[in-house]
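One structure is given below, encoded as structure tokens.
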Amino acid sequence: MGWPVEPHGLTEILVRLHEEYTKAPIYITENGRAAHDYVDPEGEVKDEERVAFLDAHFRAAHEAMERSVDLRGYFVWSLLDNFEWAEGYSKRFGIVYVDYATQRRIPKMSARWYSEVIQRNGLLGIWPRFSRPIAVRASAAFAATLAVATSLPLAGSLALAQFVRLSVES
């Protein structure tokens, strides 16, 4: 979409909000990446750039937490591909691909990566870099919605849940 992607900017704005405006808990309510996703001949959607985007932004959020920001939640935009007012159906933000003609849902590579982050309760390589690990927890309520949206079993849906809770372990 031509928008600059600067994960460090997320750290800086969170720290600035914390230091200059409020010590109240902060929630990132939408953050994601649009792409021209497509289903490959193997039936998969390999959205490596979205995985890299989310990984970098989760790490930036964790860095802000290390700098005393009370970040309580991070909502990934978006669960499903959808209609965007400015772009119509031309760009896809979802971690689950939607075939608009059939309404079939296909979890993308980013959904599988996100599932692994949640199952692992953290990002790869973060433990040596930071003094305290980042904890990622999924919302069980959202998992039920995800199970219906993707036709996955509830247990698998919990691992893909849209709401990611970031907290610093004590």
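The values are calculated or read from the model by the stated rules, or taken from the named source; none is laboratory data. Here the structure is a predicted model, which is why all the values come from computation and not from measurement. Note that we place each Cβ from the backbone using ideal geometry, even for glycine, and neighbour counts take in every protein chain shown. Side chains included, ligands, DNA and RNA excluded: accessible areas come from the protein's heavy atoms. Shrake-Rupley method; radii C 1.70, N 1.55, O 1.52, S 1.80 Å.
Expressed as a whole percent, the proportion of Cα-Cα pairs in the stretch 16-133 lying more than 24 Å apart is 36%.
Rounded to the nearest 20, the size of the Cβ-charge dipole of the stretch 1-54 about its Cα centre is 340 debye, with Lys and Arg at +1 and Asp and Glu at -1. Straight-line reach from K46: taking Cα to Cα under 19 Å and skipping same-chain neighbours fewer than 8 places apart, the aspartates and glutamates in range are D37, D55, D81, D99, E116.
Taken per residue, the accessible surface of the stretch 35-103 reaches 46 Å², heavy atoms only and a 1.4 Å probe. Here's the thing: no lysines lie within a cross-link span of K23, going by alpha-carbon distance under 25 Å and ignoring same-chain residues fewer than 8 apart. Kirkwood hydrodynamic radius computed over the stretch 1-67 comes to 13.7 Å, based on all pairs of distinct alpha carbons. When the GluC sites (Glu not before Pro) in the stretch 1-104 are filtered for DSSP coil states and for at most 12 other beta-carbon atoms within 10 Å of their beta-carbon, the remaining sites are E42, E87.
Distance between the C-alpha centres of the stretch 1-44 and the stretch 46-82: 6 Å, rounded to the whole angstrom.
Give a quick list of trypsin sites (Lys or Arg not before Pro) in the stretch 1-67 that DSSP marks as loop, anything other than H, G, I, E or B, with at most 15 other Cβ atoms within 10 Å. Mind showing how you got there, number by number?
Values: sites: R16, K23, R33, K46, R50, R59, R67; in loops: K23, R33, K46, R67.
Taking the stretch 1-67 and a limit of 15 other Cβ atoms within 10 Å, the loop trypsin sites (Lys or Arg not before Pro) found are K23, K46, R67.
Remark: the W3-E42 segment gains 11.0 nm on full extension, using 0.36 nm per residue and subtracting the alpha carbon distance.
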